[in-house]
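Note sheet for the following structure.
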Amino acid sequence: MSNKSGDNFYNKLRQRQLELSSIPTQDLGVADPLYKAFSAHLKVAPWKLLIPLALIIGLTLAISNNHYLINLVTRLQEGF
Amino acid sequence: MDQSILFVKKAIEFLKIVWGTIQKPYQTFRRLSFSKPFLQLFFVALLILIYLLLSTLAKEGLTANPFFLTKSIIKAGIAISFTFIVSSISIFLVGKLFQGVGDLSSLILLWAFSLLPTLSWFLLSTIFYVLIPPPRTMSVKGQIFSLLFLSFSLACFFWKGILYYLTLRIGLKLNAIKIFLVSLVIFPLGIVYYFILFKLGIFRVPFI
């Protein structure tokens with residue numbers, strides 16, 4: 001009796017394992033714990049960190065120099 | 001009928017990849033590098049073509065001469081293609097100098113998908129250029145829009161940064177330090193290239 005579903009599952013598992021091991025791990029020495037802590041936030045849903053960061057930078061620019069913000073956005077809008 | 005079903009299936013796969021680059025960029029790029037779905041590049045090219053059509057119409061107007069419109073689209077298309085080829089090959093060669101391991105085809109695939117934030121920004125900018133044309137003013141609405149537009153631009157820039165990093169990390173198996181060193185070589189070259197294109201009047205914001 002053939003076990004096709006088992007074979008398929010094994011093949012998928014093997015492909016997944018090969019995919020996971022295709023990228024070598026990296027060791028950054030002293031900076032390793034910091035890098036791993038930071039990159040963990042960017043591996044899954046990085047927008048949760050990046051969108052608030054973008055808003056904060058935008059707000060900071062808006063509060064510090066409104067005219068520069070307006071000029072910058074005008075130039076960006078014309079830049080497409 | 002089979003062709004249209006296949007097209008729809010591939011389109012859905014492309015949308016899953018796009019969502020993956022937003023939600024799980026590392027896992028998505030790793031999967032792309034492993035499975036190498038080169039057919040998906042068709043949809044990236046299609047989005048670029050849609051952008052070229054919209055931006056040319058937005059800049060020149062609907063009543064412009066069709067020959068002139070076609071000429072503008074072809075000129076912009078050549079510039080984008082040339083920039084993509086030059087940047088892919090440069091990243092590949094500089095990455096190899098720093099003992100990168102990988103083939104050019106994988107790198108081109110990943111680099112093409114790293115155009116998604118670029119395309120998002122350019123497409124939305126084109127739409128806003130038509131709906132809310134510049135210049136911006138110091139009114140409350142002008143300032144709120146400016147803040148939101150700048151935040152969106154920064155978010156796309158960060159997204160691009162992540163995908164650039166992953167292109168080198170996964171495409172050439174470089175570690176973070178080597179990626180930093182490659183960037184120290186690539187970025188000045190990119191700035192010179194962009195400056196030349198800016199002076200030639202081809203790009204104001206680089207399509208990279």
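Bear in mind these aren't lab numbers, they're just calculated from the coordinates by the rules spelled out. This is a predicted model, so every value here is computed, not measured. Using ideal geometry, Cβ is built from the backbone for each residue, glycine included, and neighbour counts are taken over all protein chains shown.
Remarks
- Given (1) of a type in the set (A, V, I, L, M, F, W, C); (2) over 15 Å from B:Phe84 (Cβ atoms); (3) more than 15 Å from the chain's Cα centre (by Cα); (4) crowded, with 18+ Cβ neighbours inside 10 Å, number of the condition B:Ile202 does not satisfy: (2)
- Helices (runs of 4 or more DSSP H) (entirely within the stretch B:1-82) containing at least 2 residues that are within 13 Å of chain A (Cβ to nearest Cβ) and closer than 15 Å to B:Leu123 by Cα: B:41-60
Here's the yes/no breakdown for (1) among the basic types (Lys, Arg); (2) at the interface with chain B (Cβ under 7 Å from one of its Cβ atoms); (3) surrounded by 15 or more Cβ atoms within 10 Å (Cβ to Cβ); (4) in contact (Cβ under 8 Å) with a residue 12 or more places away in the chain:
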| residue | (1), (2), (3), (4) |
| --- | --- |
| A:Phe38 | no, no, no, no |
| A:His41 | no, no, no, no |
| A:Ala45 | no, yes, no, no |
| A:Lys48 | yes, no, no, no |
| A:Ile56 | no, no, no, no |
| A:Ser64 | no, no, no, no |
| A:Ile70 | no, yes, yes, no |
| A:Leu76 | no, yes, yes, no |
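- Flag for B:Ser183 being in a helix (DSSP H, G or I) and surrounded by 20 or more Cβ atoms within 10 Å (Cβ to Cβ): no
- Selection status of A:Leu34, exposed (fewer than 12 other Cβ atoms within 10 Å of the Cβ), assigned to a helix (DSSP H, G or I) and not aromatic (Phe, Trp, Tyr): yes
- Check on B:Leu166, part of a helix (DSSP H, G or I), in contact (Cβ under 8 Å) with a residue 24 or more places away in the chain and over 30 Å from A:Ala62 (Cβ atoms): yes
- Of the residues making up the stretch B:83-109, those that are part of a helix (DSSP H, G or I) and of a type in the set (Phe, Trp, Tyr) are B:Phe84, B:Phe92.
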